[in-house]
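All remarks here apply to the structure that follows.
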Amino acid sequence: MTAPADLAFVNGAVYTVDPARPRAQAVAVGDGRIVAVGSDDDVRELLGPSTDVIDLKGRMLVPGFQDAHVHPPSSGLEMLRCNLSNAYSLPDYRRIVGEYATTHPEESWILGGGWSMDVFPGGNPPKEALDAVVADRPAYLTSRDGHSAWVNSKALEIAGVSRETPQPEDGVIVRGPGEEVWGTLHEGAVGLVERFLPEDTIDDWIAGLRVAQAYLHSLGITGWQDAIVGVDSSYRTFDAYLRFARDGELTARVIGALWWDRYRDAEQIDDLLAARERGSAGRFAATSVKIMQDGVVENFTAGMLEPYLDADGNPTENRGKSFVDPEKLKAHVTRLDAEGFQVHFHALGERAVREALDAIEQARRTNGMNDLRHHLAHLQVVNPDDVPRFEQLGVVANAQPLWAQNEGQMLNLTIPFLGPERSGWQYPFGSLARAGATLAFGSDWSVSSPNPLEEMHVAVNRTGFPDQTYAPNSETTDDPFLPEEAVDLPTAIEAFTRGSAYVNHLDDVTGSIESGKLADLVVVDRDLFAHPLTELYAAKVELTLIEGERVYATENFA
Ligand SMILES: [Zn+2]
């Protein structure tokens, strides 16, 4: 005779992501694991006097969502600091920065971020706008995508950045009339000021992680891959995770992607190995390495095969960046692969995507096929010739579906500079799925909303939705963006559950609702299949469980 279940969900719309039995009505949980999936009758025999029986009343039960590319410690810190991510105009930015400066007299620097490039002409906010609200102290505010910084005069003065400062190799100091420093720094140029910032302590990172984890749980996220885990003094999130996990605070399952320092060479692999060696505690393990191969399209640092166009549509000389030399990339990836590291690429432009795939191909040729599940994140512009290579090379397409919409950054800062042909190769998630690639979805929060239901809304509709408060921006059209690249709802749910569990090597224990798997489960307020797809964004998570333990509940489940 089996012991009664600890917990049972009945009378629900259970969507399992298990192809053998996609739909069910009831699920029973015992000892943190799923012990039965079936009809209400099937689980009735497992109910005992101590079983907590939850009547779902037709609500949907799905596997816990996992975010395949996210930055919780820094996003959480951003929530705690001067947070511009819920605003979308210069007057609002100035008001928020001014209020923050007034209410935080003890801060020696005004830090924070979340501003949108397309609020400003050319994507470049001026220092004067910040000087007007913070003159007494330096201010350093990162852009929503994290690739640029907006600084005031005091910050430039402290960093010694002036008219005479040469342009760095890997970034841009934006200049105005008379070569005067404008106040916006792109990519590697942010380092000129960043190195003067007060160091974030492990306690700071833990504070960020704590608020981020609670927020992600409230959105149904039970696990993630942290796309930048740092070991050095400027970004010590690695030690923050270890301590957070050892203190028993880490409820989520987390794979950390250790940061590849593009200014160093293969000698850093020894440091990565040493980190991995001491790198696991509780539900955290650092078994991936993040290589950022290019920048972003909006500031013309994404790596392209053909030059960017200028504002008049004529070709420029600029094909964007390859942060790691492509030949060296092949050698590094082959070595990392041989050492058993998963490689997580930032690959956004078509040349970066190709360089990353070429590097993995070289690793496959040298080391043979393996189960490390290398993945390419962002995939903004993918040359059609490269689409089939994901399946062929066993590379996961790590997609941020929220970006695939007609919004201002796309319409004003991207399409004119790529031209029509390449603009049509953006975010080709439908093509990748049809070509047999495994899709994993992630948010890149705090770049954009970490709400999986909002992200899936864009994945299936290729449009934004009303009141996008934490999307690329609010200027969006109703025209679907390359609608043939939409995926259907089962594909979208799978990419956020089984797909991202696969990337994290957690698909044997999570990612679907099957007997024997861990009870990482989410209740959504409605059956998503019974409502129009155009209303997907409005669905809400009401209960989140990890191994049967509640990590988030609305009052309906109090
Ligand atoms: Zn990222």
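The values are calculated or read from the model by the stated rules, or taken from the named source; none is laboratory data. Keep in mind it's a predicted model, so treat the numbers as computed, not measured. All Cβ positions, even for glycine, are placed from backbone atoms using ideal geometry, and neighbour counts span all protein chains on display. SASA here: full protein model, heavy atoms, side chains in, ligands and nucleic acids out. Shrake-Rupley method; radii C 1.70, N 1.55, O 1.52, S 1.80 Å.
If you average the C-alpha positions of segment 483-558 and of segment 229-275 separately, how far apart do those two centres end up, in angstrom?
28
Return the long-range amide H neighbours of Lys290 (sequence gap of 5 or more, or a different chain), with a cut-off of under 5 Å between placed amide H atoms.
It is Leu258, Trp259, Trp260, His344, by chain and number.
Which three numbers, in whole Å and largest first, are the semi-axes of the equivalent ellipsoid of segment 383-540 derived from its Cα gyration tensor as √(5λ)?
In descending order the semi-axes read 26, 21, 13 Å.
Which distance in nm do the two modelled labels at Tyr263 and Glu306 give, with both placed 7 Å along the Cα-to-Cβ direction?
Result: 3.6 nm between the two label points.
If I take every Cα pair under 8 Å that is 6 or more residues apart in the chain, average their sequence separation and divide by the length, what percent do I get for the relative contact order?
Across the chain, relative contact order equals 17 percent.
Please tell me the relative contact order of segment 209-359 in percent, rounded to the nearest whole number, where contacts are Cα pairs under 8 Å and at least six residues apart.
20
Expressed as a whole percentage, what fraction of the accessible surface of segment 385-439 belongs to carbon and sulfur atoms when a 1.4 Å probe is rolled over the protein heavy atoms?
52
Give me a comma-separated list of calculated 3J(HN,Hα) values for segment 357-372, in order, Karplus coefficients 6.51, -1.76, 1.60 applied at θ = phi - 60°, integers in Hz, x for any Gly or Pro.
Coupling constants for segment 357-372: 5, 4, 5, 5, 4, 4, 4, 4, 5, 7, 9, x, 6, 8, 10, 7 Hz.
So which trypsin sites (Lys or Arg not before Pro) in segment 179-254 end up in coil per DSSP with only 15 or fewer other C-beta atoms within 10 Å?
Arg195
Between Asp40 and Thr534, what FRET efficiency comes out of the Förster formula 1/(1 + (r/R0)^6) with R0 = 51 Å and r the beta carbon distance, rounded to 0.05?
FRET efficiency, Thr534 to Asp40: 0.95.
So if I take the centroid of the Cα atoms in segment 312-368 and the same for segment 387-463, what is the distance between those two points in Å?
Centre-to-centre distance over Cα atoms comes out at 19 Å.
Which lysines, if any, have their Cα less than 20 Å from the Cα of Lys127, not counting same-chain residues under 8 positions apart?
Counting by Cα, and skipping residues close in sequence, Lys127 has these lysines nearby: Lys154.
Of the peptides 406-419, 173-186, how do they stack up when ordered by the mean number of other Cβ atoms within 10 Å, highest first?
Put in order of decreasing packing, that is 406-419, 173-186.
Which angle from 0 to 90°, rounded to the nearest 10, does the C-alpha axis of helix 268-277 make with the longest principal axis of the chain?
30
Give the lysines reachable from Lys328 as a straight Cα distance under 21 Å; neighbours fewer than 8 places away on the same chain don't count.
Lys290
I'd like the Karplus ³J(HN,Hα) series for segment 165-177: coefficients 6.51, -1.76, 1.60, θ = phi - 60°, whole numbers in Hz, and an x wherever there's a Gly or Pro.
Listing the rounded values in order: 5, x, 5, x, 3, 10, x, 9, 8, 5, 10, x, x Hz.
Enter the accessible area per residue of the chain (Å², integer; probe 1.4 Å; all protein chains in place).
37
Keeping the other protein chains in place, figure out the carbon and sulfur percent of the accessible area of segment 511-551, with a 1.4 Å probe.
48
When the helices in the chain are scored as -39500 (n - 2.57) per DSSP H run of 4 or longer and the sum is shared across all residues, what 222 nm value do you end up with, to the nearest 500 deg cm²/dmol?
The helix contribution divided over the chain gives -8000 deg cm²/dmol.
Shape verdict for segment 298-415, please, from the Cα gyration tensor: rounded (a/c under 1.5), prolate (a/b greater than b/c) or oblate.
prolate
Could you tell me the extents of segment 26-101's C-alpha atoms along the three principal axes, largest first, rounded to whole Å?
Here the spans come out as 62, 25, 24 Å, largest first.
Peptides 226-232, 461-467: what's the order by average Cβ count within 10 Å, highest mean first?
Taking the mean over residues of other Cβ atoms within 10 Å, the ranking is 226-232, 461-467.
In degrees from 0 to 90, rounded to the nearest 10, what is the angle of the helix 202-218 Cα long axis to the longest principal axis of the chain?
Roughly 50 degrees, rounded to the nearest 10.
Report the Cα centroid-to-centroid distance between segment 164-209 and segment 1-20 in angstrom, as an integer.
So the separation of the two Cα centres works out to 51 Å.
Counting only protein heavy atoms and using a 1.4 Å probe, what share of the accessible area of segment 22-152 belongs to carbon plus sulfur, as a whole percent?
Result for segment 22-152: 50 percent of the exposed heavy-atom area is carbon or sulfur.
For the chain, take the longest principal axis of its alpha carbons; what is the angle in degrees between that and the long axis of helix 326-338, to the nearest 10 within 0 to 90?
It works out to around 30 degrees.
Per the Kirkwood definition applied to all pairs of different Cα atoms, how many angstroms is the hydrodynamic radius of the chain?
Computed over the chain, the radius equals 24.1 Å.
Would you kindly derive the ³J(HN,Hα) couplings of segment 491-497 from the backbone phi angles with the Karplus curve 6.51 cos²θ - 1.76 cosθ + 1.60 (θ = phi - 60°), listing them in order in whole Hz, with x for Gly and Pro?
3J(HN,Hα) across segment 491-497, in whole Hz: 5, 5, 5, 4, 5, 8, 10.
What is the set of long-range amide H partners of Leu7 at a cut-off below 5 Å, with H atoms built 1.01 Å from backbone N?
For Leu7, the qualifying residues are Val29, Asp52.
Mind ranking 74-81, 360-367 by how tightly packed they are, going by the mean number of other C-beta atoms within 10 angstrom, highest first?
74-81, 360-367
Over all directions, what mean area does the Cα convex hull of segment 72-169 project, stated in square nanometres?
6.8
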